[in-house]
Each structure stands twice: as structure tokens, then as C-alpha cells.
1. Can you put T49, T2, T123 in order of Cβ neighbours within 10 angstrom, beginning with the fewest?
2. Tell me, K265, K239 in order of fewest to most beta-carbon neighbours within 10 Å?
3. Reported to two decimal places, what Rg/Rh ratio describes the stretch 97-193 when computed on Cα atoms with Rh from the Kirkwood expression?
4. Of the candidates E72, E106, E201, which one comes out as most mobile in a Gaussian network treatment of the chain with C-alpha springs shorter than 10 Å?
5. Over the stretch 1-41, what number does the Rg to Rh ratio reach, with both radii from the alpha-carbon atoms and Rh per Kirkwood?
6. Just to confirm my numbers, what's the Cα centroid distance between the stretch 192-213 and the stretch 44-81 in Å?
7. Once you order the gyration tensor axes a ≥ b ≥ c over the Cα atoms, which shape class does the stretch 44-305 get: rounded for a/c under 1.5, otherwise prolate or oblate by comparing a/b with b/c?
8. With point charges of +1 on the Cβ of Lys and Arg and -1 on the Cβ of Asp and Glu, referenced to the Cα centre of the stretch 143-234, which listed residue (V192, M166, G215) lies farthest in the positive direction of the dipole?
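Readers should treat all values here as calculations from the given coordinates under stated rules, not as data from a laboratory. Just so you know, these numbers come straight off a predicted model, no measurement behind them. Cβ: placed from backbone, ideal geometry, glycine included. Neighbour counts: every protein chain shown.
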Amino acid sequence: MTEIWSSANSDVGRCAALDEYAKRAGADRRAIRLLEMFLREPLNRLPLTEIEYAMDQLGLADENNDVLSDAERESLDRDGYVNLGPLLNEDQLQRMRDRYDAAIVEEGASAADKTGIGRVTDTVVKPMNRDGLLDIIFMHPRLLAVVRHVLGVHLKYIGSNYHCAMPGYGHQGIHADFVWGVKGEPQVVNAVWLIDEFTEENGATGVVPGSHRLGIHPSGDLVNGAPRELNAPVEGEVKVTGSAGSCLVYNAHLWHSGTQNCTNKLRRAQHAFFGRSTRPSSTDVPAVIDRQVFKRLGRVARAILDIA
Ligand SMILES: O=C(O)CCC(=O)C(=O)O
């Protein structure tokens, strides 16, 4: 699938490669269906004029808006990520920490395959966001300005999860978040909100600046002719440290990883994911959104979530 995705820079070219592949004996039908979802149908639920309206309301209709500085745009293009600095105040942070801790007690750390990670999925559309405390996680104009810079105005929220590295845990192999490969136009932009301060010791996110431009997925990379050891440090990798309330935003082609929390405290983070309006979402928002959350959301929020 990666080969097909990377064979062209346009959907027309990718569709042609997919058609050729589908003719082969033994072609993987499930993979074909998945890729077809990306390539054949526009999957926006609302007319694109709604997200255009929302971007206009947020001052983001113009690419050259003043919500992001030129230096931030340049560093995003060059490095593949930007740390927007603290955007949440201490009161918001404390209320969020209390809410996430309560959700873990209530739901349990849901992802059994992620030992040592406290995880709650779809946080911003769940009952835990009935009062709107978490709206800022997917609606902050500075975050959306980064998404808009990478994807253009036709963007949408595709998922969110709380991600807490417990003491002693948090290490991940180096990876990139976009499944089909990392060549061509980016399709996804992700954010890590620092709910606690990120330090060199407590499991700050590791990133490889500039790796979004390599066009190589770490799992497909060869080092001295052998497959890359994904758990080994990567040359040039740095930890993104910052004060609580900061927001790290990255192009999903960027190589990155969770790192080990070597302290005896939690390292809490909230992730938010964004894609192109016409592409599939990771989360089926209409299916999972809490009725009360849905009712209180206005036109701009609904446009970002792409729900009627
Ligand atoms: O929270 C982090 O530090 C990064 C986590 C991450 O990259 C992931 O879960 O895929």
C-alpha cells in the first residue's frame, strides 16, 4: 500500500497504480478497500463552505494570517514541528489534570497493548467535555493556524486521546504517524498538548528535525544495508521540552517517539489529530460524540469536527 501511495503525487496517479495492483492474482482485497476509501470518495460530511466559514471566523482564511509568525512557519517547514509555547493557564491545567485522572479511575487505562500508558480515547467529544473545558484542545486558533499552514483551509479534527506516560514507562520505537508512507503532500497534522511540564527526564516527546522531508518511513529505512533498529536512538533526535500548557504540533511525516519517563510522577499529555476534510477520519465522530457535547457546540466547532 505504501508503494501505491508513494508511486504518484496525485490521487489520479495513485488510483491508476491501485487499479494495476488490483489486477494481480492474490492482491490484498482489504488493503485495496482501505486505500480506496482514501482515494476514491470525498468523505467530508459538511459542505466545504462550513470549514471555510470557520477558518474565516478564526482569522485563518488567509495563509498569511498573523496568528502564526513567519519564524514559526519557517521552523515548521524546515523542522516539521513547532512548539507554540504555553497556551493554557494554570487553572485550566489543574482542572484538566483532575479530569484526566478521574477518567482513568473511571474507565481504566484502556489500551492494553500500551503497557505503562494511561490512555483515554476521544476525550474532546466524550461526556468528560460536557462543560467545554477541552474545546481548546481542538479549537485553539494558534494550533489550527499550524494545521492550516500544512493542510490548507480544508481541514478537520480526526481524533484525540489522552496519553499519560507512567513512571518508568513511555518509551516508543521511532515512528511516523501517517500510515501509507511519508512521500508527497502531508495528509495529517498532530498535536501534543503538554498537560505537565516536559523535561529531559520525564518522557518528553522525541523528534528528528527535518525527517518529514526524507520521504522515508523509519520502518522502511536501511542503516548500513540492514533494517533500522526502531528502538535505538536516531542521529539528530531531540527531546521537545517545555512548560505545562505548551502545544507541540507536527507534520505526521515527522519521525518521532515517546521517551521513557524516568521520574516518579505522571507525564500527562493530550493528543489531537487533524486531517484533510475529504479524507477518512480515525474516529467516527458522529458515532462517538456525546449528545450533550454535540448540543452545546456552535457552528465553528461543528465545522472543525465536520458534524452537522
Ligand atoms: O506523547 C508522546 O510523547 C508521543 C506519543 C506518540 O508519538 C504516539 O503515541 O504515537
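1. Placing the least packed residue first, the sequence is T49, T2, T123.
2. K265, K239
3. Reported Rg/Rh (Cα atoms, Kirkwood Rh): 0.99.
4. Per the Cα network of the chain with a 10 Å cutoff, E106 tops the list.
5. With Rg and the Kirkwood Rh in hand, the quotient comes to 0.92.
6. So the two Cα centres are separated by 23 Å.
7. The shape class here is oblate.
8. Most positive-ward Cα: G215.
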